[in-house]
Structures are given as structure tokens and as C-alpha cells.
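All remarks here apply to the structure that follows.
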Amino acid sequence: MRDFVASLCRAVMFCGLVLTAAGQSTHPSKGNTDPKTSFRNAAPGIHYVGSEQCKLCHSEIYQHYSRTEMGRATFSPNKVVDLGWLPKPVEFFNENQNRHYQVFARDSKVFESEYELDRQGKEVFRHTEELAYVVGTGANGATPIVRKGDYLFQAPISYYAAKKSWDLSPNYENQDLGFTLPVTPDCIYCHSGRTKPGPGKEGLYQEPPITELGIGCENCHGPGELHVRERLHGQPLSPGMDRSIVNPAKLSPWLADNICMNCHEGDIRALQPGKEEADFRPSTPLAKTTAILKAPIDSQSTQSPLLEHYYSMTLSKCYQGSSGKLGCQSCHDPHIEPSAAEAPKYFRERCLRCHTDNSCTLSVEKRLAQQPDDACSNCHMPKQPALTVSHSTLTDHRIVRTASEPYPASAYTPSLAGTGFIHVNAVPGSNDTVSPVLLLRAYRQELIRSHLEFKDYYFDLLEKLRRAGNKDPFVLSALAQKASSDGDLKQAIAYAAQVVDQGSISSYDYLLLDGLYLRSGDIPASIEVLKKGLTIAPYNNVLYQNLVIRQFTAGNIEDGLGTLKKGLMLFPEDSGLREIRDRAITAGLLH
């Protein structure tokens, strides 16, 4: 069983039945459900028009917002030079993987190179890609994206503000992924206005992949088609407020916070069955589109975990004593971002809306001696390292009174009955509703993190889904892995083949079935499934590696050499393909 748990890999597509649990939410405010104050642009079918349309009437707000980090969350690569991040070509060496990297500008374009040198200093390979986008403003860091045809991939080197230098991108610390890590829709969705992910393929996007750089007005206000049309035609405003466009300030704090939670919260996030990221509409509960779950804090742990913004805030005494009135907008104006010099005073003034100078027991002298001076956040909202992103920090939003303040009991107790999880964005006042397949995916994510306390939950739920005859591809893939671990190779192949036959867009599913066919000795079937996988993920280097080996094993030397040549053109950095090439040369198959 431990071998199975250790082999668990990233989750894939999911949908399924509905599981209802009677966990009760502790949020005091249910949100805006009054039809008299609902916003009409939250309805399906209303189109997005882009922030440039908003600018025509709201130019001052637009100008302020465009200077915020959200307004600059994705930008063109040539701005890297303007920001001073690339005063000269960057050279970086990763000793663990024996990889050299370069970042350089040429003819108004910016490029990244990855290369290796042998002991004599001669280049073994070099792979250079032009940068297509850069995600992030540099407050913590920014990661470039490269484009291969209609596919987007993360680049191996990112800029980090804390170091004021370039270093390995997230996910690259322990493995050389080259330019092969696909940019998924859930990642780019929260860093841009609108994106156009392509259907049915891993990392594929339609033209143009990103239709608006930076997080746009409509990400928070909802699609603007209805509002623009009515205003341009002079249609009378609805009594009380304009309900053709969402105004977050008119929502309850909880419902407004759902907009922020969509991107600023989520230890474990999973889409509801049949939903996509773009289905979320501001002014509606986020839980209808995405479920956000958290494992309770380990009561035996001495390390304080970095909880994310919204949930951390709900654990604070400030939030719990506010009767639902404290929310993200209590302290943050999304349209305005104070400078680093202005921020301490700006946020201190927010604190003083509820507190007074006398609330602080620290002497004025000690407060002024801090850096920055007299900032409430120094003691009550300290910076903590971002556990999943190197060289980065985030503000702890738990608003502690003292550094040793314990977490409330709710942080240690599951709220979603019978699951072991806290349902962060459950709709207040209603029963929690979570897809069992979504829940299965959450358990797997925790097992990948070596949280083996979720093992029994995972296998019990998987067995229930098997008995129910669930045909969801994620469930079938999990059943294939379990059958393989149990030694039932025939059943494992049957499950995995169903996933592929359903048209999975995850390269993992094709690699899983390939491995099962290999164990059964059916090399021709392995070859076919790998070829099918390459139609779904044509830039996956592992699919190329396996296909070359299977073709050579089957005696299809010419086919294998052709696959090898194409693979090396796409992935010159791939040590597996280069090793196969060297062996082919030694065997006289390649000159």
C-alpha cells in the first residue's frame, strides 16, 4: 500500500456524484441573496468587453488601478529591461543539475537559454526560447512564459525581488524540466484579464492566448457587455443602484470576499463537476464553481503554517468579533495600491478605524524604533516565507495580538463532516455540498504531500465510487493505480484504457497505460497509446522517451530513429533522449 501511496501523481480531470455533509459554517453573513440588489451581469451569456471599454468612462480609476500589482500581473517581456531586471545578460549555474542558464535581450526581444558544458568546457546542448509573457510584477517575483506554437510553457528561470536577481522558477528546484512544464488555465487565469485555453489538449491555447494583460476590471466587476450597452444607449439607471454591473462595495463582506478568494485563497482547490475557472461570476458564491478545502492544523506541530489570506483573516479575533463586517475591502481598496513608503501609514489608518492609539501597549519610542516605524503590521501581521515559492514572503493575515497567540479551536477541527477537511468557502447557512470525486482529488493531494492520515479516507471513498460504477476519468485512473499496486495487471489495464478511450487530456494517463502495457509485454499496444498521447501533449518529453524505447524494443529501428531525432530537436536538454542517442551511435544505428 505504501508503494501505491508513494507513486501517487498529480490529479487530472474530475467530475462525479454529489456528496452532502452536514458541516455547519461559522461565517455569520450569508451574502447577497436579495433579488432586489442582485446584479444582472452575473447571468450566463453576458460577454466580457475588456478594460479598455471601462477606461472610456472611468479613466481616473483605470489610471490608478493600472499602476497596482494586480493591474500589472502579466506583462510583455521587453518590460523586464525597463524595470531594470536585465541591465546586462544574466548567467546562472545550477550545480545540482549541472545546468547553465542565460537571460538576455536582443532586438527588443528577451530570451532564455539552458545549456550544459562537458569537462572540457564544450557545449553538450543549448536550448533557447523567446519569452512570450511574464507573469508577476516583481513584488515577490515574476516567471516568464514561452510559447511553442499554440502551447504555453513555464520558463526555467524567474526573477525574485527579495534577491533582486534571477534563480530557478517554482517547481524547478529539484528537477530539470527545461521548457516542458505546461501553463495550466488555473494558473494563468488569476494573473491576467481574460485567457483563451484550447479544448482537449494539455497547455494548448487559442489565438491570442491572453486577450488582456494584467487582471482586468471585469475580473472583479463581472462581464461588462450589459453595462456598456445600457450606458451608451442612455438607458435609465435602476432605482437605488446600477445593477447592470457588479459593485463589490454593495455586496455583503462575505460575498465580496468570494471575489478575492477566487485567486487569493486555496490550499486545496478543485473545480465543481462540469465547471471551468471562467465560469465564476462576481456576486455569486465561489463554491458553485470551485471548492476550497484545507486540512486542519496538526495540533502536535510546533511550526506555525502559512495559512492563506482569507482563511487566516477568519481565524483572527478582529474578524470573529466583527459580526461578519470585517472583509478584504475593510483594509484594501483594489483600485489603489500604496507605495512601500506609504503602506505603513495607509494600513495603520485602517486599523485605527476600529482601534485607537491607546490600544497598543508598546511604547511610542519602541514603535518608532521599528522598521518601518509605527506600523501595526510589524507585530500583528508579520511577513512569513511563502512555503511553496522560494525567495518569497507573504503577509500573515491572522492579525495576531501577540506572536504566541494560539489558533482558535476551529483551525484544528474539520467542518465538512466525515471528510477530515475544513471547507473554507462553504456557503453560510447551507449544507456543505462537495463532489465525491472532488473530495477524492483533495485526498490525493494530501497523500502526495505525505499526509498519510488521509490514506483511509482516500481508499474508503475510492471503494465507494468503484461500487457505484463511477466512470469519471479521475476515479478510473485511481482505480488503475490501485489495481496495479494490488498486482491485478489485467484489471489495471482495463481501468486505464477506459480513461484514454474517454479522451483524457492528461499526459499522465497515457504514460500510466503505457507502463501497464509494458509490464504485460504488449509492446505494440504501448506504442499506440504513446502515439495517441503525443496528439494530446505534443511537447511532452517523457512520451518521446518512452516511444523511442518501445519502437527500438519492437525492432522498428527507422521509426525509433525518426522519433529520437524529432524529440532531440524539441528537447535538446533531455538527458534521457541524449543517452538513447549515444547508445544508438555505439550500436551503429546512428552516425
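Inspect the stretch 97-110 for any residue being assigned by TED's automatic domain parsing to the domain that holds TRP166, of a type in the set (Phe, Trp, Tyr) and in a loop (DSSP other than H, G, I, E, B) and give the result as yes or no. No - not one qualifying residue is present in the stretch 97-110. Determine whether the stretch 121-133 contains at least one residue that is of a type in the set (Gly, Ala, Ser), touching a residue at least 40 places away in the same chain (Cβ under 8 Å) and over 21 Å from GLY576 (Cβ atoms). Yes, some residue in the stretch 121-133 is of a type in the set (Gly, Ala, Ser), touching a residue at least 40 places away in the same chain (Cβ under 8 Å) and over 21 Å from GLY576 (Cβ atoms). Criterion applied to TYR189, TYR159, TYR151 was being modelled with pLDDT under 90 and of a type in the set (Phe, Trp, Tyr), and the one residue passing it is TYR189. Could you tell me which of the residues ARG119, ARG147 is out of contact with any helix residue (DSSP H, G or I) (no Cβ under 7 Å at 6 or more places or on another chain) and either in a loop (DSSP other than H, G, I, E, B) or among the aliphatic types (A, V, I, L, M) (or both)? Matching residue, one of ARG119, ARG147: ARG119.
Scanning the stretch 417-455 for residues that are in a strand (DSSP E or B), buried (at least 19 other Cβ atoms within 10 Å of the Cβ), at pLDDT below 90 and not acidic (Asp, Glu) yields a single hit, VAL434.
Scanning the stretch 313-340 for residues that are outside any loop (DSSP other than H, G, I, E, B) and either outside the structural domain of CYS376 (by TED's automatic domain parsing) or at pLDDT below 90 (or both) yields a count of 0. Inside the stretch 363-389, residues that are under 20 Å from SER316 (Cα atoms) and at pLDDT 85 or above make up a count of 7.
So GLY503 clears everything in (1) surrounded by fewer than 18 Cβ atoms within 10 Å (Cβ to Cβ); (2) more than 26 Å from the chain's Cα centre (by Cα); (3) not β-branched (Val, Ile, Thr) except one condition, right? Which one? For GLY503, the failing item is (2).
Filter the stretch 541-576 down to the residues that are closer than 24 Å to GLU129 by Cα and either assigned to a loop (DSSP other than H, G, I, E, B) or more than 30 Å from the chain's Cα centre (by Cα) (or both) and list them by number.
Looking only at the stretch 541-576, we keep the residues that are closer than 24 Å to GLU129 by Cα, and these are 541-545, 562-576.
GLY562, THR563, LEU564, LYS565, LYS566, PHE571, PRO572, GLU573, ASP574 - these are the residues of the stretch 541-576 that are closer than 24 Å to GLU129 by Cα and either assigned to a loop (DSSP other than H, G, I, E, B) or more than 30 Å from the chain's Cα centre (by Cα) (or both).
Against the conditions (1) closer than 28 Å to SER484 by Cα; (2) surrounded by 22 or more Cβ atoms within 10 Å (Cβ to Cβ); (3) not hydroxyl-bearing (Ser, Thr, Tyr), ASP522 satisfies every one except (2).
If I filter the stretch 277-308 down to residues being within 30 Å of HIS47 (Cβ to Cβ) and modelled with pLDDT under 90, which single residue comes out as surrounded by the most Cβ atoms within 10 Å (Cβ to Cβ)? Only one residue fits best here, namely GLU277. Here VAL80 meets the list (1) closer than 30 Å to HIS227 by Cα; (2) surrounded by 14 or more Cβ atoms within 10 Å (Cβ to Cβ) almost entirely, failing just condition (1).
Pairs are defined by a Cβ separation below 7 Å, a sequence spacing of at least 6 or placement on different chains, a first member in the stretch 265-281 that is polar (S, T, N, Q), and a second member that is assigned to a loop (DSSP other than H, G, I, E, B); the pairs so defined are GLN272/THR289; GLN272/SER435.
The values are calculated or read from the model by the stated rules, or taken from the named source; none is laboratory data. Bear in mind the structure is a predicted one, so any value in this text is a computation, not a measurement. Counting neighbours? That spans all protein chains shown, and the Cβs are built from the backbone with ideal geometry, glycine included.
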